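Peer 1: Following this message is one structure expressed as structure tokens.
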Amino acid sequence: MADAQAQDRIFLGRTLPAGGAAAQDIALSLRLANRHGLVTGATGTGKTVTLQVLAEGFSRVGVPVFAADIKGDLSGIAALGEARDFLVKRAGEVGMTYLPDRFPVTFWDLSGEQGHPVRATVSELGPLLLARLMGLNDTQEGVLNIAFRVADEQGLLLLDLKDLRAMLAHVSENAASLGRHYGNISAATVGAIQRQLLVLENQGADAFFGEPALRIEDLMRVDAGGRGVINI
């Protein structure tokens, strides 16, 4: 809406004049916007719209936004809105002019089917998180750590699950020599880890591991016009 937002605040709405009281703007001061907030209310009271207005407001002042949108309610902010009668009427009631707008949006998708794929390399995830993800016991986690250590010492990047499988096979084949430095490595333990990797692959995890890996900088971009990109 025109004249709705100053550079130091995000406009959220305006009260209707009632009982002789003048209309008042409801806004979020940008200097307070780094604090925690909670939007709550019954179904249909405008929680999602409020979050959308916040996302648009941050974008408008050049602040990138990340929003986890399970139902796809926010996808429309990437397209130019329509000046529908009820929107124009509502804007007029609060003394504003309705102007359709669009915002820079990047869609992210774990599977890479409906947006840019969210990826990470096996090396970046690390043995601790990967062991938790696969539910490994202490012995299996120890062997997984050995595989990562050997890869580091040999300057090998573990990009995807295929790389990790190959490294585990290498560790198993050289168990005798590696065992003198890192402790016992049994074929049964390596086999158990390989089976857990198979479970991950069957659940679609192979689409998550790989390059290019997601960087925090990918979520902190602005467009050519200075608006913050909204990451959904």
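Laboratory data are not the source of any read-out in this text; all were calculated from the coordinates shown. Since the model is a prediction, treat every value here as computed from it, not as a measurement. FYI the Cβ positions are ideal-geometry reconstructions off the backbone, even for glycines, and counts take in every protein chain you see.
Peer 1: Between 120, 97, 139, whose Cα lies farthest towards the positive end of the dipole of the stretch 97-232 when Lys and Arg beta carbons carry +1 and Asp and Glu beta carbons carry -1, centred on the Cα centre?
Peer 2: 139
Peer 1: Using the Cβ atoms and a cut-off under 14 Å, what net charge is assigned to the surroundings of residue 146, where Lys and Arg are +1 and Asp and Glu are -1?
Peer 2: Values: positive: 149, 180; negative: 138, 141, 152, 153, 173.
With Lys, Arg at +1 and Asp, Glu at -1, the neighbours total -3.
Peer 1: Between residue 181 and residue 110, what FRET efficiency follows from the Cβ-Cβ distance if R0 is 35 Å, with the result rounded to 0.05?
Peer 2: Details: r = 37 Å, r/R0 = 1.07.
Given R0 = 35 Å and the Cβ-Cβ separation, E is 0.40.
Peer 1: Can you tell me how much longer the chain between residue 223 and residue 205 gets when fully stretched, taken as 0.36 nm per residue apart minus their C-alpha distance, in nm with one decimal?
Peer 2: On the way: separation 18, 0.36 × 18 = 6.48 nm, distance 3.16 nm.
Working it through step by step, the gained length comes to 3.3 nm.
Peer 1: Still on this structure, I have one more. Positive end of the dipole of the chain, charges at C-beta (+1 Lys, Arg; -1 Asp, Glu), about the Cα centre: which of 157, 216, 57 has its Cα farthest in that direction?
Peer 2: Final value for the positive-end residue is 57.
Peer 1: Here's a follow-up. Starting from the 7 Å offset along Cα-to-Cβ, what nm value, one decimal, do you get for the label separation of residue 195 and residue 25?
Peer 2: 6.5 nm
Peer 1: Can I ask one more? Can you tally the net charge around residue 108? Count Lys and Arg as +1, Asp and Glu as -1, for every other residue whose Cβ sits under 15 Å from the Cβ of residue 108.
Peer 2: Numbers: positive: 119, 215, 221; negative: 69, 109, 113, 217, 218.
Local charge sum for residue 108: -2.
Peer 1: A further question on this structure: Can you match semi-axes √(5λ) of the Cα gyration tensor in Å to one of these, (1) 27, 22, 16; (2) 53, 16, 16; (3) 34, 20, 17, based on a calculation from the structure here?
Peer 2: Checked against the structure: label (2).
Peer 1: Check cross-link reach from residue 47 to the lysines: straight Cα distance under 20 Å, and skip same-chain residues fewer than eight apart.
Peer 2: Straight-line reach from residue 47, under 20 Å: 71.
Peer 1: Next up: Charges only on Cβ, +1 for Lys and Arg, -1 for Asp and Glu: so what's the dipole of the chain about the Cα centre, in debye to the nearest 20? Don't jump to the answer; show the numbers that get you there.
Peer 2: Details: 21 positive and 26 negative charges, 120 e Å.
Value, rounded to 20: 580 debye.
Peer 1: Assuming 0.36 nm per residue, please report the length gained on full extension of the stretch residue 89 to residue 154 beyond their Cα-Cα distance. Provide the component values of the computation, followed by the final result.
Peer 2: Working: separation 65, 0.36 × 65 = 23.40 nm, distance 6.78 nm.
Net length gain for the segment: 16.6 nm.
Peer 1: Taking 8 Å as the Cα distance limit and 6 or more residues as the minimum spacing, I'd like the relative contact order of the stretch 122-207 as a percentage. Intermediate values should be presented prior to the final figure.
Peer 2: Details: 61 pairs, mean separation 28.0, N = 86.
Relative contact order here is 33 percent.
Peer 1: Given a Förster radius of 30 Å and the C-beta distance between residue 213 and residue 34 as r, what FRET efficiency does 1/(1 + (r/R0)^6) yield to the nearest 0.05?
Peer 2: On the way: r = 27 Å, r/R0 = 0.90.
Calculated value: 0.65.
Peer 1: Rounded to the nearest 500, what is the chain's calculated 222 nm mean residue ellipticity when only DSSP H runs of at least 4 contribute -39500 (n - 2.57) each, over all residues? Please list the in-between numbers first.
Peer 2: Numbers: 7 runs with 89 residues, N = 232.
Calculated at 222 nm, the ellipticity per residue is -12000 deg cm²/dmol.
Peer 1: Suppose every Lys and Arg Cβ carries +1 and every Asp and Glu Cβ carries -1, with no other charges. What dipole size does the stretch 122-207 come out with about its Cα centre, to the nearest 20 debye? Could the numbers behind the result be given before it?
Peer 2: Details: 6 positive and 10 negative charges, 44 e Å.
Dipole of the stretch 122-207, to the nearest 20 debye: 200 debye.
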